[in-house]
1. Calculate, in nm to one decimal, what K61 and H75 gain on full extension: separation in residues at 0.36 nm each, minus their alpha carbon distance.
2. Fewest to most neighbouring Cβ within 10 Å: what's the order for M248, M165, M1?
3. Residue separation times 0.36 nm, minus the C-alpha to C-alpha distance between E264 and E135: what's the value?
4. With labels modelled as points extended 7 Å from the Cα through the Cβ direction, what inter-label distance (nm, one decimal) is found for Q16 paired with A104?
5. May I ask you to evaluate 6.51 cos²θ - 1.76 cosθ + 1.60, the Karplus curve with θ = phi - 60°, for each residue of the range 210-218 and list the ³J(HN,Hα) values in order in whole Hz, giving x for glycine and proline?
6. Please sort by residue number the trypsin sites (Lys or Arg not before Pro) in the range 32-123 whose DSSP state is loop and whose Cβ has at most 13 other Cβ atoms within 10 Å.
7. Return the calculated 222 nm mean residue ellipticity for the chain, to the nearest 500 deg cm²/dmol, obtained by summing -39500 (n - 2.57) across DSSP H runs with n ≥ 4 and dividing by the residue count.
8. What number of lysine-lysine pairs in the range 25-164 show an alpha-carbon separation below 23 angstrom, given a sequence spacing of 8 or more or placement on distinct chains?
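Derivation of every value follows stated rules applied to the coordinates shown; laboratory data play no part. Note that the structure is predicted; figures quoted are calculated from it, not measured. Cβ sites come from the backbone with ideal geometry, for glycine too, and all protein chains shown count toward neighbours.
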Amino acid sequence: MKKIGFCFVNPAPQIQPVHVTTAAKKCEEMGLHSFWTIDRIAYDNLEPFTLLAAAAAVTKKIRIGTSVFLAGLRHPALLAKSVATLDFLSSGRVTLGIGFGSRANDFAAVELPFEHRGGRAEEAIKLVKRLCSEEGVTHKGRFFQVENLTIGPRPIQSPHPPIWMGGSADVVLRRVARLADGYICGSSAIHDFPSVWEKISGFAVSAGRDPEKIEKAGLTFIAIDENKAKAVDACEAYLQRYYGAVRMDVEKHLLVGPPEACAERIRSLFSKGPDTLIIGAAIADLKQLDLLGEGVLPLLKP
């Protein structure tokens, strides 16, 4: 069954305090599979676990997750404590999507080296898994040292909330194959999902894992407007603000234009292999969520 999630990516100056809880409730009422958010330090987004805790408090069924959380920026003991708490409070609805970071300023902001961020995050992931499921954990690694540590409360999901990973470099895909419960393909690579997944499958088999046990997901952005040019401009403005550059052909890769065009693009993306599509709103306006629910989703029904 194909699943659609909504990613709350709006920068803080463009939103109001009620937007998070209103959006989360709307997503659940619309029957969406999941509600996601991003993670940055040197950017004006909202802190992800605080945001998701607010979303969890006003919903009952929809899954909540990070797409993606920069694991290398937090100590794994603190990360495990936060994830376990969020999973407990949400009655077991958390998916922890992890990324490895591509901007040095996020690492400089918390006085951590940008170098070796992948290895640091990988060690953190392994330790988080242990801390969520074991007692008296002792770990003496390259980056982290833990002595006889037990955290609580335990997450509801056992042995730990699902850990998905994003990224497209081969070194990242190998980590996905070894460690992840799911893979989130980024918007710039989702058009080539079959070849990316072929790599992950091969790496998983080499690592002794069944690739079919790894969930397949993709991330994209949407701007719904009867005037397609305005929708393209909105996505380009968002990408410019977030990345500092427009790094893709927006019309080719993202969901832009009237509802019919967006629905057709969603069908096209699902045909490439993902089972879950995470859609971020490039326009900081809750009317976009209404247009998704009232204009786009009905067109996707069989």
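1. 2.1 nm
2. Values: M248 19, M165 28, M1 5.
Placing the least packed residue first, the sequence is M1, M248, M165.
3. Gain in length upon complete extension: 41.5 nm.
4. According to this spin-label approximation, the distance is 4.1 nm.
5. 8, x, 5, 8, 9, 5, 10, 9, x
6. Filter output for the range 32-123: K60, K61.
7. Details: 12 runs with 126 residues, N = 302.
The helix contribution divided over the chain gives -12500 deg cm²/dmol.
8. 11
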